[in-house]
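Data first, discussion second: the structure below is written as structure tokens.
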Amino acid sequence: MTELKTSGTRDLKHIERIGAHSHIRGLGLDDALEARYASQGMVGQKSARKAAGIILQMIKEGKIAGRAVLLAGQPGTGKTAIAMGMAKSLGPETPFAMMSGSEIFSLDMSKTEALTQAFRKAIGVKIKEETEVIEGEVVEIQIDRPATSGAAAKTGKLTLKTTEMETVYDLGTKMIEGLSKEKVQSGDVIAIDKASGKITKLGRSGARSKDYDAMGPQTKFVQCPDGELQKRKEVVHCVTLHEIDVINSRTQGFLALFTGDTGEIRSEVREQIDSKVAEWREEGKADILPGVLFIDEVHMLDIECFSFLNRALEIEMSPILVVATNRGITKIRGTNYKSPHGIPIDFLDRLLIISTQPYTEADMHEIIEIRSVEEDITMSEDAKELLTKLAVNTSLRYAIHLITAAALACQKRKGNCVELDDVSRVYQLFMDIKRSTQFLMEYQEQFMFNEVPDERDEDKMDE
């Protein structure tokens, strides 16, 4: 029974959900910031990707802050994919916060508070602190286990050495458990934090590389440390301003980060944190990492939110704001005025605008190829060609949805490769927008609450 449970747990660890943009690994640019045709999951959109790459380079060099970029284009032209590519290219240290414009209206807090929290999630603080560590190569571990359980605590001795010295340390129960958990053995190079007692396995000593005939690819060889065993090391912690806000404002402390019950944070708390972070910067204990805040469907924000963003971008500690929209000339929410993309002219003037173009047929074929590989589905060339034609005539998103559906149809007939018939079958089962609209027009009288506006109604709406 135990073996069955263990194997089941291992299988679960490898299960990963495949999302709409899980195939994106980066922007697909070379060292000269030129876009490759198909790279890191990105296809086409060369000019848009190159523009995003230039913005990315400026962010990495810390040359711009408080700037805003607009990704504008028709639906299904890769705006969110470019934003995801930027997030992957920035690396794990640079904060990247993502939200939709409509989220602000569904939260149990004011609109400005929601935007302030989003801004502070996108600003990182790199805190440096010095700590004492014991670092050396394990020569020998001796653990004395009591003959009867529950009689006396386990004790032992640990011998560590560097290139210049060797010392024996007495071990308590906590240290023995830590060594057992990390599976430390003689020949390993370890570091022990004196303050917390945390044990970190750095790797295996290079002098012991010939101990075993076969070793796994995860085995890392390091040199035996030199100098003293006890050293002072600089440790770097990366946190966001929002995380510091939550820890200092809630009674439950850091647990609020896991529960999500952050609530509204008082401005006094933020002012104190900002002054403390500024003090750390002056003392050289901390660095500010301006990250990226991505707001999708930005046309859903109202005039009050745009007014707040205008002011927020002028603050010294401000992230790079990337917004995306698929709207043309439309009304600004909360007003009766029309504007390009539903964004006020004064805020639009602050934006660097990157436009995305519709995909060509060759681009769509390449994207379908990438998605089928990402979803681990084998497809015949005829099936890919049919999906490409469907993407051109209907939409790329519809064609991508049919990939998984066709694979299930293939699995039902116990096939290994998705063929033309599988795609045709799911095409008949699932309608696209054009066919669905045509169906509604034909049978509109049979639907409840059906209201088809006539020409007079349309003229009144235009007025």
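The values are calculated or read from the model by the stated rules, or taken from the named source; none is laboratory data. Not measured: the values here are computed from a predicted model. Neighbour counts run over all protein chains shown; Cβ positions are idealised from the backbone, glycine included. Calculation scope for accessible area: heavy atoms of the full protein, side chains included, ligands and nucleic acids excluded. Shrake-Rupley method; radii C 1.70, N 1.55, O 1.52, S 1.80 Å.
Scanning the range 365-386 for residues that are of a type in the set (D, E, K, R) and either open to solvent by 60 Å² or more (accessible area, probe 1.4 Å) or in a helix (DSSP H, G or I) (or both) yields Glu366, Glu369, Arg371, Glu374, Asp376, Glu381, Asp382, Lys384, Glu385. Contact map, the range 113-126: residues that are of a type in the set (D, E, K, R) paired with residues that are part of a helix (DSSP H, G or I), Cβ distance under 8 Å, separation 6+ or inter-chain. Pairs shown: Arg120/Leu241; Arg120/His242; Arg120/Asp245; Arg120/Arg270; Lys121/Leu241; Lys121/His242.
Within the set Thr2, Thr80, the sole residue that is at negative phi and modelled with pLDDT of 75 or more turns out to be Thr80.
May I ask you to list the residues in the range 130-144 that are open to solvent by 60 Å² or more (accessible area, probe 1.4 Å) and under 17 Å from Lys194 (Cβ atoms)? Within the range 130-144, Glu130, Glu132 meet the criteria. Scanning the range 285-298 for residues that are open to solvent by 10 Å² or more (accessible area, probe 1.4 Å) and at pLDDT 85 or above gives Asp296, Glu297.
Of all the numbered requirements in (1) among the hydrophobic types (A, V, I, L, M, F, W, C); (2) under 30 Å from Ala391 (Cα atoms); (3) in a strand (DSSP E or B), Ala362 misses one, and that requirement is (3). The set of residues in the range 271-284 that are free of Cβ contacts under 8 Å to residues at least 24 places away in the same chain and open to solvent by less than 60 Å² (accessible area, probe 1.4 Å) contains only Ala278. Taking the criterion of being touching a Leu at 6+ places or on another chain (Cβ under 6 Å) and either of a type outside the set (Lys, Arg) or closer than 21 Å to Lys79 by Cα (or both), would at least one residue in the range 401-413 satisfy it? The answer is no, given that none of the residues of the range 401-413 is touching a Leu at 6+ places or on another chain (Cβ under 6 Å) and either of a type outside the set (Lys, Arg) or closer than 21 Å to Lys79 by Cα (or both).
Name the single residue that is surrounded by the fewest Cβ atoms within 10 Å (Cβ to Cβ) among those in the range 159-176 being over 42 Å from the mean Cα position of the chain (by Cα) and assigned to a strand (DSSP E or B). Only one residue tops the list, namely Asp170.
Among the residues of the range 387-403, the ones that are more than 23 Å from Lys50 (Cα to Cα), part of a helix (DSSP H, G or I) and open to solvent by less than 50 Å² (accessible area, probe 1.4 Å) come to 9 in all.
Per this entry, Thr148 is not counted among residues that are of a type in the set (Val, Ile, Thr), part of a strand (DSSP E or B) and either under 30 Å from Val246 (Cβ atoms) or at pLDDT below 80 (or both).
Yes/no matrix, rows are residues, columns are (1) more than 13 Å from the chain's Cα centre (by Cα); (2) closer than 28 Å to Gly26 by Cβ:
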| site | (1), (2) |
| --- | --- |
| Pro75 | yes, yes |
| Gly91 | no, yes |
| Thr94 | no, yes |
| Gly101 | yes, yes |
| Ser106 | yes, no |
| Ala122 | no, yes |
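Looking only at the range 186-194, decide whether some residue is polar (S, T, N, Q), at pLDDT 80 or above and not in a helix (DSSP H, G or I). Yes, the range 186-194 has at least one match.
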